[in-house]
Amino acid sequence: VVLCEVHLDSARVLEKLAEVLQGYEDSSPPLAYVLMGSFCSSPFLPTAEGVRSYREGFERLKFMLRGLARHVQRGTRFLLVPGPKDPGAQTLPRPPLSGYLTSDLARDVPGVVLGTNPCRVRHFGRDLVFFRHDVLRLLRRHEVVPPRDASGEAPSAQQVRQEMVRLLFDQAHLAPLPLEESNVLWAFDHTLRLYPLPHAVFIGGVSQPFECSYQGGQFCSVGPFHSDASFYAYYPGPEQLESCDVPDRAG
């Protein structure tokens, strides 16, 4: 189960997240959740108040996860990937969130893993990559994805998405830009490479969610959970993706 932009300082987001977790608790807990940041609605401020507010969000998450008895029995993992508003430098790759700022969540709750950004997971021989970055916005800013085609017409949203996926997979890189145009640390550039091509690539951002296949690999753009409570369920066996959402309650 993959979610992006899980704002822990938002009562509405926490309510929707609780519905997702409880729904799987009542049916069949998954093997893993991947929660991609940002975990706060506003950029983190390195002040006493900013630290207190940030830790409070993870205290709420900790309280929520402790009530999932069937998840604990199943050995469900919870992988947390930092986003652009979370504490830390804005260079890539990003290190995991600190134990202190996450209120020692990984120590106190079984199965919680603080991951890097990007993060690679191997699941029963399948390689999965999770990357929280507004890749489409980055490529458009540098006109790597052309704003207009040869005839001068603006491409459709579907064409832009296809071009982005083609570019990432053909270049075998999560940020296919010259170093002077990107914020990638040269010594760790290899962590963003997509060679050999993984079985599935999940990119979290603020754009609309979509999924497609290219050159034998699956690509999934995970939209912001705080916006429409949408997320994806991935089934590694049949390699299927399912777009899900939490509907608003009537009345």
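Read-outs throughout are calculated quantities, based only on the coordinates presented, and are distinct from any laboratory measurement. All of these numbers come straight from a predicted model, not from anything done at the bench.
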| task | Show the residues, 5+ positions off or on another chain, whose built amide H is closer than 5 Å to the amide H of Arg132. | result | Gly204
| note | Taking Cα atoms only, helix 11-26 is inclined relative to the longest principal axis of the chain by an angle, in degrees rounded to 10, of 80
| note | Percent relative contact order for the range 76-183, counting Cα pairs under 8 Å at least six residues apart, stands at 21
| query | Given Cα pairs under 8 Å that are at least 6 residues apart, what percent is the relative contact order of the chain? | reply | 21
| task | Please compute P(r) over all alpha-carbon pairs of the range 2-245, binned at 10 Å starting from zero, and give each bin as a whole-number percent. | result | 7, 31, 37, 20, 5, 1
